[in-house]
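Colleague: Here it is: the structure, laid out below.
We did not get these values from a lab; they are worked out from the coordinates using the rules stated. Just so it is clear, the structure is predicted and the values come from calculations on it, not from any experiment. All Cβ positions, glycine included, derive from the backbone under ideal geometry; neighbour counts span all protein chains shown.
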Ligand SMILES: [Zn+2]
């Protein structure tokens, strides 16, 4: 099994101290390719919805089509048709744009997330763009069973010879928000979605030092509203099981650079 760490959307908005990515994973197994989240898709750049146009502008997205999952899968030498499964942490505007580029794939999603995305409530759920699934993709809804995974509830979403893929419900950022755990007993990578952030000292899972925390001016209450309340439990998971557990999150440019052996921000 090979896990590619992809940036499917650079976010560069200096006025809010944002220098980040949309962190997606491409997992090569012997039976198929599996994407975790899809970032921005080709149509977000060629024919964006009004909501997307606003988001791209506000978040400083350079609209680089080479960053789409579609072109990155090709650039890695794969047949895009081998992407047969996509597992979504959630369906926000910066996570689900690439769905349209893989219409043949099964789209695995936690059922409450699909319901929230189609009947959004409140500030955080304003950030869906229903045009991302207007092509009626092949949804695979998951709700049960709930199985214990290191003290978290989990839902087995997909099994391949090399790895299990589990949805870990982490509601708060959205009502159906999930992490995605990839691996087998003894070796896991957890994509925490937007349930953690590397840019605030109270929400980083890895204690990276003050210089990393560009958004520490935000109040704890506001960040709690943004990402939910799972950071303490996720921190304990990383601390207590670090020998068998990696953890990343959707805008974790620091882990992305480490996994891709790129220079870190401070070097
Ligand atoms: Zn989100």
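Colleague: Could you tell me which residue of region 60-85 is surrounded by the fewest Cβ atoms within 10 Å (Cβ to Cβ), considering only residues that are on the phi > 0 side of the Ramachandran plot and under 19 Å from the mean Cα position of the chain (by Cα)?
Modeller: If we filter region 60-85 for residues that are on the phi > 0 side of the Ramachandran plot, which is where we start, we get 60, 63, 77.
With the extra rule that they be under 19 Å from the mean Cα position of the chain (by Cα), the set shrinks to 60, 63.
Working: 60: 16, 63: 14.
Only one residue fits best here, namely 63.
Colleague: Restricting region 68-94 to residues that are out of contact with any helix residue (DSSP H, G or I) (no Cβ under 9 Å at 6 or more places or on another chain) and touching a residue at least 60 places away in the same chain (Cβ under 8 Å), which is farthest from the ligand (Cβ to nearest atom)?
Modeller: 76
Colleague: With (1) within 28 Å of residue 259 (Cβ to Cβ); (2) out of contact with any helix residue (DSSP H, G or I) (no Cβ under 9 Å at 6 or more places or on another chain) as the list, and residue 115 as the residue in question, which single condition is left unmet?
Modeller: Residue 115 satisfies every listed condition except (1).
Colleague: Same structure again: Check region 43-59 and report whether any residue there is under 21 Å from residue 252 (Cβ atoms) and assigned to a loop (DSSP other than H, G, I, E, B).
Modeller: Checked against the condition, which is being under 21 Å from residue 252 (Cβ atoms) and assigned to a loop (DSSP other than H, G, I, E, B), region 43-59 yields at least one hit.
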